[in-house]
Amino acid sequence: MTAPLPPAPTPPPSYGYVSPIPVRRAHLGDALASEWTKIRSVRSTVWTLGTMVVLMLLIGLGVAAIASGQGGNMGEESALPLGFFGMLPASICVITLGVLTISSEYGTGMIRTTLTACPSRSRVLTAKAVVFFLLVFTVTLIVSFAVATAQVAMVEAAEPTAAEWARATVGTALFLAVLGLLSMAIGALVRHSAGAITVMIGLLLLPLVAALFMFAPALKGLQEALFTYSLPSQMIALYSDRPPFTESGPAGWEALFILVGVAVVGVGGAYALLNNRDV
Amino acid sequence: MIELEGLTKRYGTKTAVDHLSFQVRPGMITGFLGPNGAGKSTTMRMMLDLDNPTSGTVRIDGRHYRELDEPLKYIGALLDAKAMHGGRSAYNNLLCLAQSNRIPERRVGEVLDLVGLTAVARKKSKGFSLGMGQRLGIASALLGDPEILMFDEPVNGLDPEGIHWIRNLMKALASEGRTIFVSSHLMSEMALTADHLIVIGQGKLLADTSMADFIRQNSRSFVRLRSPQRERLLDVLHENGFVAVESGNGTLEIDGTTTEALGELAAAHQLVLHELSAQQASLEEAFMQMTAGAVEYHAHGGAGDPGAPPAAPPGPQWGARAGGPTTEEL
């Protein structure tokens, strides 16, 4: 350090090894590409989404065939709400995939490799969320549109309005994708596949099942609340303009907004914990 | 260059890593040695920002790990061999890592070739043997062609061929001017590969020294003698100013002399010798003595006290060879 400076300016001493691979700044787009590779290269994606598609088609068309065989008496409704029966099992597939998207990384230890490669945990979670959301939204939109078209063609009922069409296709696709995001958040919080899937299936089914057995008059209020706000009821509400069971409660897009609110809380919690927790 | 400054990690009341400060310098292999549970893996996880330190900092080339946008180009790490998704092919496991750091896709093929996994590139990694998994982990560490490489117990569970391969790879990487930081709980392994040594026990720094210094300070050389005329031999040795220490089974150990001197002395007094051999205490022994107070899980019973290991354990030892620590064992 105290040696006199050489006459000509020399480059800084490059101690160590210099790679010939150019350093280019990585950003969210690179994380998205990475997450896309991850989600398309595991079999669980193909299985869960494949099962979802099959169930939506089989159940949607099956219910429509039965309704049409019975003379298509749908009351005042169009044929679109028939899509609900495929959506319920589809939601279980989406829950599974959503949880696995992140919990499988914890199960295999891949999460350490992932976060070593991308230390910005928010970027990892954002990339996962975006890729997963777009994938589920696209697939369910295509399938729900196909099923809705078939149902309307098969069953003689009231002609659906444009708003009903939008909710039965874009609405259901958004609903499932947001439900999947909530599952992903629970997967990030619980960090265990079986545990997180159990939590989500419980959340999906238990309120409704519990409400079924609330015979005591003292529990009437609780029963109504559970019926109105359980996830399957929200899916039905999405198809209808009026609250489907009681006088009040969400109807139409409101059902989706409630789920978005819950998902925002869940995903926010996942961001907070992922950023502060040891891996 | 990696710099640790007062790095501390506490889990409740238990201190896993206790005010660790040291530097890992480029162009050499730095061995990170400590008994099981000494805090090696915890330290390495904190270096990679996977675990948050209770206090203290780690800097990679002057920056915190989280400030690196494409860390794989600065630092590659093998933490544990199975830190990959088993359902994904080796190629795709590496591809998603490459993409997240903007590393060109052709590099995936290059590193697979480098570690010899090209033939199984499209196979699911869960079917891989331990050695193949380790190679895949090393491929992921080399993906960004980084200047710094960290290996956590890289030879664990490998066969001799695999161990040999990893040793030579680390030496080749260090000779290119890279910083190599490798952890192990085996002194003998470190003696064969490392240029510099950092020893920790119960999270505390016990030694930060060059390998050569460590060997010089810790390997005692002595001559072992055995004779049926033990009493006369002891008298002769005493008369000539040698201090003999009895080490059981009628053998004597004499420090600070050579076999030639003692052989000629015995011949001059017409003493029969059954054994006359040069011995060197193993570095493993020195390491065990250094960490004796810091070993977390002691085995109790007849196996002996790790604080006082037998002077010359049976079986082949690299330290007992004439060539010393530079000989390749395999």
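The values are calculated or read from the model by the stated rules, or taken from the named source; none is laboratory data. This is a predicted model, so every value here is computed, not measured. Backbone-built Cβ (ideal geometry, glycine too); neighbour counts: all protein chains shown. Keep in mind that these areas ignore ligands, DNA and RNA; they rest on the heavy atoms of the full protein, side chains included. Shrake-Rupley method; radii C 1.70, N 1.55, O 1.52, S 1.80 Å.
The interface between chain A and chain B buries about 3800 Å² of solvent-accessible area in total (1.4 Å probe, ligands and nucleic acids excluded).
Secondary structure note: in chain B, about 65% of the DSSP beta bridges are antiparallel. For chain B, relative contact order (Cα pairs under 8 Å, six or more residues apart, normalised by length) works out to 20 percent. Run down the aspartates and glutamates and flag those whose C-alpha is under 15 Å from the C-alpha of residue B:82, throwing out any fewer than 8 positions away in its chain. Answer for residue B:82, where 15 Å is the Cα cut-off: A:105, B:152, B:153, listed by chain and number. Per residue, the accessible area of chain B comes to 43 Å², computed with a 1.4 Å probe over protein heavy atoms only. Kirkwood's formula applied to the C-alpha pairs of chain A gives a hydrodynamic radius of 21.2 angstrom. Of the accessible area of region A:29-273, computed with a 1.4 Å probe over protein heavy atoms only, carbon and sulfur atoms account for 72 percent. Shielding by partners for peptide A:24-31, expressed as the average number of C-beta atoms from other protein chains within 10 Å of each residue's C-beta, is 5.
For the set B:73/B:204; A:38/B:9; B:9/B:40; B:40/B:123, the pairs lying more than 21 angstrom apart at their alpha carbons are B:73/B:204; A:38/B:9; B:40/B:123. The portion of the accessible surface of chain B made up by carbon and sulfur, rounded to a whole percent, is 52 (1.4 Å probe; DNA, RNA and ligands excluded). Based on a Kirkwood Rh over C-alpha pairs, give the Stokes-Einstein translational diffusion coefficient of region A:194-249 at 4 °C and viscosity 1.567 mPa s in µm²/s. Estimated via Stokes-Einstein, D reaches 108 µm²/s. What angle do you read, to the nearest 10 degrees and between 0 and 90, between the alpha-carbon axis of helix A:43-69 and the longest principal axis of chain A? The helix A:43-69 is inclined about 10 degrees to chain A. The long axis of helix A:220-229 is offset from the longest Cα principal axis of chain A by roughly 60 degrees.
Charging the Cβ of each Asp and Glu at -1 and of each Lys and Arg at +1, and nothing else, the dipole of chain B about its Cα centre rounds to 1360 debye.
Each peptide among B:140-150, B:42-52 gets the average number of other Cβ atoms lying within 10 Å of its residues, and from highest to lowest they stand as B:140-150, B:42-52. The aspartates and glutamates whose alpha-carbon is closer than 12 Å to the alpha-carbon of residue B:171, local same-chain residues fewer than 8 away aside, are B:195. The H on the amide N of residue B:144, modeled in the peptide plane, is under 5 Å from the matching H of no residue at least 5 residues off or on a different chain. Could you check what % of the DSSP bridge pairs in the protein assembly as shown are antiparallel, to the nearest 5? Here the antiparallel bridges make up roughly 65 percent for the protein assembly as shown. Under 5 Å from the amide H of residue B:17 lie the amide H atoms of B:9, each residue being 5 or more positions distant or on a separate chain, with H modelled from the backbone and absent for Pro and chain starts.
Put simply, the C-alpha atoms of chain B give a gyration tensor, and the ellipsoid matching it has half-axes of 46, 22, 17 Å, longest first. Accessible area per residue for region A:29-273, computed on protein heavy atoms with a 1.4 Å probe, is 42 Å². Here the relative contact order of region A:29-273, from alpha carbon pairs under 8 Å that lie six or more residues apart, stands at 24 percent. Axis angle, to the nearest 10 degrees, between helix A:84-108 and the longest C-alpha principal axis of chain A: 20 degrees.
Inter-chain Cβ neighbour count for B:273-280, averaged per residue, equals 0 (cutoff 10 Å, partner chain atoms only). On the principal axes of its alpha-carbon atoms, the protein assembly as shown has extents of 122, 72, 45 Å, going from largest to smallest.
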